[in-house]
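The values are calculated or read from the model by the stated rules, or taken from the named source; none is laboratory data. Everything numeric here is computed off the predicted structure, so don't read it as measured data. Glycine gets a Cβ as well: all are built from the backbone with ideal geometry, and neighbour counts include every protein chain shown.
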């Protein structure tokens, strides 16, 4: 139990209150379960907040009881997330196969893979496999490549 | 009945039937192993292709895909913590920690054997208990289904993880996520905040991939080590044979298979519930419950045999009563109808070769898993997944993207997946268990719908929930689980107190 429990408990309590307040405006039968869930969430958040608060008061966080950091490596965490968001933005514009190939090559490089032949070989063979399975066998429609779009 | 059963065996063992079972099982393993593809989709796509085929060849493919995909789902669940199918959720709990501990090969072998044994048990149940058990399920009404869902939800929330409050909060969060969208009974929009996207609610598979697959991938990306897996991870100790696995897990397999069969017979409850309940029961009965979630093979044995035991048994109400227990059972009924066969009690007398042949095919494809599962999973998939982490992270993210995109063909789903991934990452860091969230999403709507149906039937008389004998049995079981948790907690605290006092 530590400071994080206090914060997470308060977050769940807030969620519970919002769920109840929004839920009470639903039409009759539709409101019972949402309100019940909101109230129960508030009730179960209280012990978590209580224990978190007690831990904070007792200064347990200062005695080495804090668990692992929230983000182990902020730089790599950020790179992965940013690349994902850019990939998702590019997907409908550039096309699935092109954007996926670029995404694999760029993210692999940024995460520390420094063998270009390996990166390109893996990216191309993986994309070829996906093309064979999803486009040829299963005939699933995926975002069209920018150079094929009419 | 048994005479017809044995007459159907040579038909099921005909060359065409065997080939269709082999192709179906192989395709099923591949489909299950790829997140985003599921057996329902595969069988639905395949049905039109079977028009000109013999019914047993078509059903052999269905049986193979169904059983194969249940095991296939375990492969990414064990190696990447991505449940290939929703039924493989419970397999991730111990499968992935085993891979991290360098026991990926053993985990895959245990999963393969457990799936096969669960499938065999289930097929035997289908062959012998079908008519009898179908009658029992007719006694289940909305009140009973409400309690089944509540039991699954509360017992998992209480038993998974160390903190009951956190488990319950996660379960409630899951129920809340499951409530988003249009209410099926009144048509009212709930928690959509005017968003068109939220009107349809969250797609289970997208939430699942986000919650379960993104956090380990981010952790893998954060880890600077060059390779996520090592060659040793996939080597299985020579002393670990099928016989040794049977000796080690026969009790778990029997118990979990019985749970899976019982769940399978209930229409609406799926393999995911069977796997989670079996895992839960194995943990509850274990002398070392704390070892679950850290890489205990018993967890995999329970989850896999439980979810596979659901397969054939879910066909019991379909074949005997014409009531499909799940989507796949509905598709099997469709396949029978395409070939001019009307499901129901008369099916057993009108087309005994087909119906009993299909039962044999469900049994045989479970056994085929031992051959194909071992070869394909351990020797091929595992080798592919031996890529360096820097390459495995982007390729897995692309696989997730294609899996999620193909569900609805919407890019928005990818952002939703990422958002749930971040939620899962944060919850993991804060020591909140993820399993109850998923259970909440799955069982919350089921519990709500059946609760409201009960109220409608009884004209708002709450006693309907407590007066029916099956409901009372489930309530007693729930109380037993809650008290056993309290008892265990109190007992361990007492022992700790006495130890401190003695010192």
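Restricting to region A:71-95, name every residue that is in a loop (DSSP other than H, G, I, E, B) and facing chain B (nearest Cβ under 7 Å). Walk me through how you get there before you give the answer.
Initial filter on region A:71-95 (in a loop (DSSP other than H, G, I, E, B)): A:71-73, A:95.
Within region A:71-95, A:72, A:73 meet the criteria.
Kindly provide the set of residues from region B:143-169 that are closer than 17 Å to residue A:34 by Cβ and facing chain A (nearest Cβ under 9 Å), ordered by number. Steps first, answer last, please.
First, pick out the residues of region B:143-169 that are closer than 17 Å to residue A:34 by Cβ: B:146, B:149-150, B:153, B:168-169.
Matches in region B:143-169: B:168, B:169.
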Next on the checklist: surrounded by 14 or more Cβ atoms within 10 Å (Cβ to Cβ), under 23 Å from residue B:389 (Cα atoms) and modelled with pLDDT of 95 or more: is that true of residue A:97 in this structure?
Outcome noted: no
Item to check | Of residues in region A:1-26 being within 21 Å of residue B:157 (Cβ to Cβ), part of a helix (DSSP H, G or I) and modelled with pLDDT under 90, the one farthest from the other protein chains (Cβ to nearest Cβ) | outcome: A:5
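Looking only at region B:454-464, count how many residues are in contact (Cβ under 8 Å) with a residue 12 or more places away in the chain and over 13 Å from residue A:32 (Cβ atoms). Break it down stepwise before answering.
Taking region B:454-464 and keeping what is in contact (Cβ under 8 Å) with a residue 12 or more places away in the chain, we get B:454, B:457, B:464.
Pick out the ones that are also over 13 Å from residue A:32 (Cβ atoms) and you get B:457, B:464.
Number satisfying all stated conditions: 2.
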Checklist entry - With B:174, B:187, B:152, B:178 as the choices, which residue is assigned to a loop (DSSP other than H, G, I, E, B) and either surrounded by 22 or more Cβ atoms within 10 Å (Cβ to Cβ) or at pLDDT below 90 (or both)? => result B:187
Checklist outcome for this item: Only one of (1) over 18 Å from residue B:415 (Cα atoms); (2) surrounded by 14 or more Cβ atoms within 10 Å (Cβ to Cβ); (3) facing another protein chain (nearest Cβ under 9 Å) does not apply to residue A:120, and that is (3)
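Name the helices (runs of 4 or more DSSP H) wholly inside region B:390-470 in which the number of residues that are more than 30 Å from residue A:126 (Cα to Cα) and within 23 Å of the chain's Cα centre (by Cα) is 1 or more.
On the way: elements: B:412-429, B:435-458, B:464-467.
So the answer is B:412-429, B:435-458.
Condition (residue is out of contact with any strand residue (DSSP E or B) (no Cβ under 8 Å at 6 or more places or on another chain), more than 30 Å from residue A:111 (Cβ to Cβ), at pLDDT 70 or above and surrounded by fewer than 23 Cβ atoms within 10 Å (Cβ to Cβ)) applied to region B:208-223: is it met by at least one residue? Full working, then the answer.
Here is the first cut: in region B:208-223, the residues out of contact with any strand residue (DSSP E or B) (no Cβ under 8 Å at 6 or more places or on another chain) are B:208-223.
Those left that are additionally more than 30 Å from residue A:111 (Cβ to Cβ): none.
No, the conditions are met nowhere in region B:208-223.
Which of the residues that make up region B:277-307 are part of a loop (DSSP other than H, G, I, E, B) and either under 17 Å from residue B:85 (Cα atoms) or in contact with a strand residue (DSSP E or B) (Cβ under 6 Å, 6 or more places away or on another chain) (or both)?
Taking region B:277-307 and keeping what is part of a loop (DSSP other than H, G, I, E, B), we get B:286-288, B:292-296.
Scanning region B:277-307 gives no hits.
Condition check ((1) modelled with pLDDT of 85 or more; (2) in contact with a strand residue (DSSP E or B) (Cβ under 7 Å, 6 or more places away or on another chain); (3) within 9 Å of another protein chain (Cβ to nearest Cβ)) across all residues:
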| residue | (1), (2), (3) |
| --- | --- |
| B:344 | no, no, no |
| B:366 | yes, no, no |
| B:380 | no, no, no |
| B:383 | no, no, no |
| B:430 | yes, no, yes |
Checklist outcome for this item: Restricting region B:403-416 to residues that are within 9 Å of chain A (Cβ to nearest Cβ) and crowded, with 20+ Cβ neighbours inside 10 Å, the one nearest to residue B:197 (Cα to Cα) turns out to be B:414
Next on the checklist: Scan region B:471-490 and tell me whether some residue there is assigned to a helix (DSSP H, G or I), modelled with pLDDT under 90 and over 28 Å from residue B:292 (Cα atoms).
Outcome noted: yes
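Looking at B:293, B:242, B:322, B:271, which is the one that is at positive phi, modelled with pLDDT under 75 and in the same structural domain as residue B:128 (by TED's automatic domain parsing)? Reasoning before the result, please.
Working: B:293 fails: modelled with pLDDT under 75; B:242 fails: at positive phi; B:271 fails: at positive phi.
Exactly one of B:293, B:242, B:322, B:271 is at positive phi, modelled with pLDDT under 75 and in the same structural domain as residue B:128 (by TED's automatic domain parsing), namely B:322.
Going through region A:27-48 one residue at a time, which ones are in a helix (DSSP H, G or I) and facing chain B (nearest Cβ under 7 Å)? Talk me through it step by step, then tell me what you get.
Quick first cut of region A:27-48, residues in a helix (DSSP H, G or I) only: A:28-48.
Result: A:29, A:30, A:33, A:34, A:37, A:40, A:41, A:44, A:45, A:47, A:48.
Tell me, yes or no, whether region A:49-70 has at least one residue that is at pLDDT 90 or above, in a helix (DSSP H, G or I) and within 9 Å of chain B (Cβ to nearest Cβ).
The initial filter retains those residues of region A:49-70 that are at pLDDT 90 or above, namely A:49-50.
If we keep only those that are in a helix (DSSP H, G or I) as well, we get A:49-50.
Next, only the ones that are within 9 Å of chain B (Cβ to nearest Cβ) stay: none.
Checked region A:49-70: no residue is at pLDDT 90 or above, in a helix (DSSP H, G or I) and within 9 Å of chain B (Cβ to nearest Cβ).
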